[in-house]
Amino acid sequence: MLEPADDRRRRRGKAVLLSALAMILIAFGAPAFATSTRADASTVVHPAAHRVADVSLPCGLYAAGGTPCVTAHSTTRALFASYNGPLYQIQRASDHGYRDIGLLGAGGYADGASQVSFCSGTSCTITKIYDQTAQHNDMPISWGGYWKGPGPNGSDVGADAMALPVTAAGHQVFGVKVTPGVGYRLDHAKGVPTGAQPEGIYMVTSSNYTSQWCCFDYGSGENSHTDTGNATMNAIYWGTACWFGGCTGSGPWVEADLENGMFHTNTGSNKDPNNPGVHYPFVSAWLKNNGTSNFTLKYGNGASGGLTTTFSGPLPNGYSPMKVDSSVLLGTGGDNSPNGVGEFFEGAMTAGYPSDATENAVQASITAAGYGAGGGGTSTALHAVGAGKCLEVPGASTTPGTQTQIRDCTGAANQIWSRTGSRELAVYSGSSRLCLDASNQGASPGTKVITWTCNGQTNQQWNVNANGTVTSAQSGLCLDVTGAATANGTPAELWTCNGGSNQQWSLS
């Protein structure tokens, strides 16, 4: 069968493009393993093709920059465009059966529906997070360490697989909600930087769930699970810890856990008035360390925009050269300190010190992933990120017309909202069911946000957006905590969208 002329031209064009991209990668010196994918019996691996295809996702971008991923962990999506293996493993309580949760397609998003089906009528635990690189640095539940976990023989425990539903490009996926005692760890990981070798790390986390306790980390730690001295770790810490005192603001912040301290700067404390804390439903956190003279910390909004550098300078006194060990960890400190809390969606570690241009490209890939709040059809709290409180119906009132407000999160029924396919945000159930409502169909700034009998009108329809805002489908105005106040009892209203933290929300 003769091939049409247009198809022949397209194929020649693709060949030229593939050749050009391959030459770029060779020029960057990207080793072959950097873009290999995890292959199972049904996967055929073509390394050259993978190198070309992967330049749209984080680990392909890192490889093109000459700093290939040596770990690539995610429960939400592929980090290589060619990856089509499992993302994580779950176990259900009813029969102790296991299932690997994979992708909807190569280079795509997690098959969240497979998890929902498998866990229906029972509970599930995340027992392993697979590594997407050819190093196969999969993280099982940590066996414990100097600080004992709550599991058998002092081990840590796995995260509740259903506890963190979110969306990515409109697909229902699940993150890892690290509560006290949850931790994952692989000792003697392959190919990771050790000693004073340079290393880059990023992860996508959230401001919705943090604490000051040690340690919600992702990165390198000690194989012994004990404190082996300064400079034996290189991990991102995310939380509100002010280890050295005198910090500006109340956090949370991106910090470097280098062992025996979470460092905002080379002197420890955060004195920057422009860095009082980071408040986004999805946060990209970044650390790179050249092992001898520099470490750099950055953050970004995981839904939009670029990166902000909060520190780039010398290593702390007594931390040069670094003496990093080869344990890869998530959710614990180097000595298995098990009290940190946080949310994890994706992350990677690199061999080498990534360039700013590479990190900017990876940030663009993260924002393009389309992370959004809520899993669709779930009942959760509507969390006011800037205030650290929850939207509620005052006094658990079931009277239509009650103005909503924020208050300390309690998990009570008057703070639980159901997001429906018709874009309602409803509270209660049965005959008491009420919908979040723009009062009197108001479409101007200052309109009260109340509860009212659900009626399907547009003033009861809400868009939960990837940038953390909740907007009225009728007016386009943002759900807003009045006056950016943080006190209990502050009412909610509609206001012109302005990017303020009092207009940031998360269903979590």
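The values are calculated or read from the model by the stated rules, or taken from the named source; none is laboratory data. None of these values were measured; they are calculated from a predicted model. For neighbour counting, all protein chains shown are included, and Cβ atoms are generated from backbone atoms with ideal geometry for every residue, glycine included. Side chains included, ligands, DNA and RNA excluded: accessible areas come from the protein's heavy atoms. Shrake-Rupley method; radii C 1.70, N 1.55, O 1.52, S 1.80 Å.
Taking interchain pairs and intrachain pairs at least six residues apart, which have beta carbon atoms under 8 angstrom, with the first residue in region 144-161 and hydroxyl-bearing (Ser, Thr, Tyr) and the second assigned to a strand (DSSP E or B)?
Filtered contacts from region 144-161: 155/141.
Within region 269-322, take every residue that is under 19 Å from residue 243 (Cβ atoms) and modelled with pLDDT under 95 and give me the one that is most open to solvent (accessible area, probe 1.4 Å).
271
Just name the residue that is least open to solvent (accessible area, probe 1.4 Å) out of those in region 218-266 that are hydrophobic (A, V, I, L, M, F, W, C) and without any contact (Cβ under 8 Å) to a residue 40 or more places away in the chain.
Only one residue fits best here, namely 241.
Going through region 199-217 one residue at a time, which ones are touching a residue at least 40 places away in the same chain (Cβ under 8 Å) and either among the aromatic types (Phe, Trp, Tyr) or open to solvent by 50 Å² or more (accessible area, probe 1.4 Å) (or both)? Before you say what the answer is, go through the steps one by one.
Within region 199-217, the first condition is being touching a residue at least 40 places away in the same chain (Cβ under 8 Å), and the residues that meet it are 199-211, 213-217.
Answer for region 199-217, where residues must be touching a residue at least 40 places away in the same chain (Cβ under 8 Å) and either among the aromatic types (Phe, Trp, Tyr) or open to solvent by 50 Å² or more (accessible area, probe 1.4 Å) (or both): 202, 209, 213, 216.
Out of the residues in region 323-369 that are in a loop (DSSP other than H, G, I, E, B) and open to solvent by 20 Å² or more (accessible area, probe 1.4 Å), state the one that is nearest to residue 235 (Cα to Cα).
325
For region 129-146, how many residues are assigned to a strand (DSSP E or B) and of a type in the set (Phe, Trp, Tyr)? Break it down stepwise before answering.
Initially, region 129-146 is screened for residues assigned to a strand (DSSP E or B), giving 129, 131, 139-141.
Keeping just the survivors that are of a type in the set (Phe, Trp, Tyr) gives none.
Number of matching residues: 0.
From the set of residues in region 225-242 that are of a type outside the set (D, E, K, R) and out of contact with any Ser or Thr (no Cβ under 8 Å at 6 or more places or on another chain), which is farthest from residue 316 (Cα to Cα)? Spell out the reasoning first.
Narrowing region 225-242 to residues of a type outside the set (D, E, K, R): 225-226, 228-242.
Okay, now just the ones that are also out of contact with any Ser or Thr (no Cβ under 8 Å at 6 or more places or on another chain), so 226, 228-230, 232, 236-237, 241.
Details: 226: 21, 228: 17, 229: 13, 230: 10, 232: 13, 236: 16, 237: 16, 241: 18 Å.
Residue satisfying both the conditions and the ranking: 226.
Filter region 169-198 for residues that are among the small types (Gly, Ala, Ser) and open to solvent by less than 40 Å² (accessible area, probe 1.4 Å) and give the result. Write out each step before concluding.
Here is the first cut: in region 169-198, the residues among the small types (Gly, Ala, Ser) are 169-170, 175, 181, 183, 189, 191, 195-196.
Result: 175, 181, 183, 189, 195, 196.
Only one of 157, 116, 166 is open to solvent by 30 Å² or more (accessible area, probe 1.4 Å), closer than 16 Å to residue 342 by Cα and not small (Gly, Ala, Ser). Can you tell me which?
Just one listed residue meets the conditions, 157.
Hey, does region 45-62 have a residue that's modelled with pLDDT of 90 or more and touching a Cys at 6+ places or on another chain (Cβ under 7 Å)? Lay out the reasoning, then the answer.
Quick first cut of region 45-62, residues modelled with pLDDT of 90 or more only: 57-62.
Restricting the remaining residues to those that are touching a Cys at 6+ places or on another chain (Cβ under 7 Å) gives 59, 62.
Yes, some residue in region 45-62 is modelled with pLDDT of 90 or more and touching a Cys at 6+ places or on another chain (Cβ under 7 Å).
List every residue pair whose Cβ atoms sit under 7 Å apart, with the two residues 6 or more apart in sequence or on different chains, where the first one lies in region 317-328 and is farther than 13 Å from residue 222 by Cα and the second, anywhere, is in a loop (DSSP other than H, G, I, E, B) and not polar (S, T, N, Q).
As it stands, the answer is 319/231; 319/258; 321/196; 321/291, since those pairs meet every condition given.
Using the structure shown, decide if residue 481 is in contact (Cβ under 8 Å) with a residue 60 or more places away in the chain, within 19 Å of residue 426 (Cβ to Cβ) and surrounded by 19 or more Cβ atoms within 10 Å (Cβ to Cβ). I'd like the intermediate steps shown before the answer.
On the way: in contact (Cβ under 8 Å) with a residue 60 or more places away in the chain: yes; within 19 Å of residue 426 (Cβ to Cβ): no; surrounded by 19 or more Cβ atoms within 10 Å (Cβ to Cβ): yes.
Considered against the rule, which asks whether it is in contact (Cβ under 8 Å) with a residue 60 or more places away in the chain, within 19 Å of residue 426 (Cβ to Cβ) and surrounded by 19 or more Cβ atoms within 10 Å (Cβ to Cβ), residue 481 comes out as no.
Inside region 147-196, can you point out the residues that are on the phi > 0 side of the Ramachandran plot and not in a loop (DSSP other than H, G, I, E, B)? Give the derivation first.
The initial filter retains those residues of region 147-196 that are on the phi > 0 side of the Ramachandran plot, namely 153-154, 169-170, 181, 188, 191, 195.
Within region 147-196, 153, 154, 195 meet the criteria.
Check region 118-128 and report whether any residue there is part of a loop (DSSP other than H, G, I, E, B) and at pLDDT 95 or above.
As a first pass, look at region 118-128 and keep what is part of a loop (DSSP other than H, G, I, E, B): 119-123.
Adding the requirement that they be at pLDDT 95 or above leaves none.
Scanning region 118-128 turns up no residue that is part of a loop (DSSP other than H, G, I, E, B) and at pLDDT 95 or above.
Residue 109: in contact with a Ser or Thr (Cβ under 6 Å, 6 or more places away or on another chain) and crowded, with 22+ Cβ neighbours inside 10 Å, yes or no? Spell out how you get there, then give the answer.
On the way: in contact with a Ser or Thr (Cβ under 6 Å, 6 or more places away or on another chain): no; crowded, with 22+ Cβ neighbours inside 10 Å: yes.
When the stated conditions are applied, residue 109 does not pass them.
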